[in-house]
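Comments concern the structure below.
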Amino acid sequence: MTAQIKNKHLLHRLYLPLALLIMSFTVLPYNASAQYQCTQTLKAAEKAYDEGRIEEIPEMLASCIERGFSREEKIRGYKLVINAHLFNQDLNQASQKMLEFLRFHPEYEPSENNEPAEFLSLYNKFETLPYLSIGGYGGINFSNITVIKSYTISSTSETHYEYQSPGFQFGIKFSRPIYKNIAISATPGFVRHTFRYTEKALDYSTLTISENQDYIVLPFSGSFIYPIKKWHPYISLGISTEVLMGATGTPERTYTNNAQQPVSGTDIDLTDMRQKLNISLFAEIGLRYKIPHGYFFASGRYYHGLLNQVNEDKRYSNSELNYIYYYIDDDRRLNNYAISIGYMYMLYKPNRKK
């Protein structure tokens, strides 16, 4: 009895693979035969078109366009049917087939040298640009501080700002074409800026403050794209709204010739001493590489800050900075260079132009 049960379980386990194997040997030859027949039908339809038997073509290709053609054969079939309807001056059917064709292959780009003028004229009556592109980006940035007004303990102090290490940014990107080579974009994301302030005071000490600033940003831009085959260079101009999430500083004072022990401590929260909002103008140059239904891109941007990022009402609010490190914030603008790479997926919704 136990042996019979085991045999039944064994048969059940073998049944599904065996059934799939039988189906594959049955269906695959049928599909191969159907595709071969449709290939022959396409050749016959092309011959009929050349011989002027135009009225036969739509019916000849109807079933194979629905199912049976390879992708390239389906493109040839659709074009043949559209041209047949145009030759017969059946504009309604030609428009319907053109819409079906563009929904099947929204990135089709006709060649003016290889397509009939009537086909090109009908194609141009349809909206073929992507209605939206969605993707993501990431990269690094280098801060560049512009001092508006300097504040120091000593009039003989030498001060300067520099990027200590690259910051970074990442986010999502939305892009929409408004004309053939013009698009508008929004690139919300997160940005960290890093820079270092250095002050040499009275020839006996050096103060450094390494500062990190975290922002949520919302840049908007307009772009001009110049396609060259698969490579699409572009330039952009835009404006960015930036909301501060937090800022910290790491101060350290060292003395010449080790006259005294260095003074350092834990990170200091600088968030209240910074303006919560910053506005920047930016210019961008980039390059896209087109792939089916999307593109990769790389870009470089320069952001020019418009506002003083220091909260003037809080300039003297931190006693540790003022009385231990002898530091006072300069009025300053935050500029930066940003390098990013990313990927965009293009969404299409072909329709007849209004």
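Tabulated data for the structure shown
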| quantity | calculated |
| --- | --- |
| Long-range amide H partners of LEU270 with built H, under 5 Å | ALA247, THR248, GLY249 |
| Loop-resident sites, segment 99-188, for GluC sites (Glu not before Pro), counting at most 11 other Cβ within 10 Å (DSSP) | GLU112 |
| Point-charge dipole on Cβ atoms (K/R +1, D/E -1) for segment 81-226, about Cα centre, debye to 20 | 320 debye |
| Given charges at Cβ of Lys, Arg, Asp, Glu: the chain dipole, positive-most of LEU122, SER340, ILE65 | ILE65 |
| Long-range HN-HN contacts of ASN311 with modeled amide H, under 5 Å | ARG274, GLN275 |
| Alpha-carbon centroid distance for the pair segment 285-314 / segment 84-110, whole angstrom | 40 Å |
| Using a Förster distance of 41 Å, the FRET efficiency for HIS293-ASN322 (Cβ separation, nearest 0.05) | 0.10 |
| 10 Å-binned pair-distance histogram of segment 82-209 (Cα, whole percent) | 10, 22, 16, 13, 11, 10, 8, 6, 2, 0 |
| Derived scalar couplings ³J(HN,Hα) [segment 135-150; Karplus, 6.51 cos²θ - 1.76 cosθ + 1.60; whole Hz; x for Gly, Pro] | x, x, 8, x, x, 10, 9, 10, 6, 9, 8, 10, 7, 8, 8, 8 |
| Under 19 Å from LYS125, Cα to Cα: lysines that are on another chain or at least 8 residues apart | LYS79, LYS97, LYS180, LYS349, LYS353, LYS354 |
| Histogram of C-alpha separations across the chain, 20 Å bin width, % | 22, 31, 23, 17, 6, 0 |
| Segment 272-350, Rg to Rh (Cα coordinates; Rh as Kirkwood inverse mean 1/r) | 1.27 |
| Theoretical ellipticity at 222 nm over the chain - DSSP helices of four or more residues, -39500 (n - 2.57) apiece, nearest 500 | -9500 deg cm²/dmol |
| For segment 224-341: Kirkwood Rh in Å [reciprocal of mean 1/r, alpha carbons] | 17.8 Å |
| Relative contact order computed over segment 225-306 (Cα-Cα under 8 Å; 6+ residues apart), in percent | 34 percent |
| Residue list for segment 241-264, given a label point 7 angstrom along the Cα-to-Cβ vector of PHE190 and an amide N cut-off under 15 Å | 243-247 |
| At 1.306 mPa s and 10 °C, Stokes D of segment 73-138 from Kirkwood alpha-carbon radius, µm² per second | 124 µm²/s |
| SER157-ARG67 pseudo-label distance in nm [points 7 Å out on the Cα-to-Cβ vector] | 8.0 nm |
| FRET efficiency, 1/(1 + (r/R0)^6) with R0 25 Å, evaluated for GLU312 and VAL243 via beta carbons | 0.85 |
| Axial C-alpha extent at least 27 Å, average Kyte-Doolittle at least -1.0 - helices from the chain (DSSP) | 2-50 |
| Cβ-derived FRET efficiency at R0 41 Å, ALA283 paired with GLU252, nearest 0.05 | 0.70 |
| Whole-Å distance, taken between Cα centres, linking segment 336-354 and segment 219-284 | 26 Å |
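Readers should treat all values here as calculations from the given coordinates under stated rules, not as data from a laboratory. Model, not experiment: these values are computed from the prediction. Don't worry about glycine lacking a Cβ; one is built from the backbone with ideal geometry, like all the others, and counts go over all protein chains shown.
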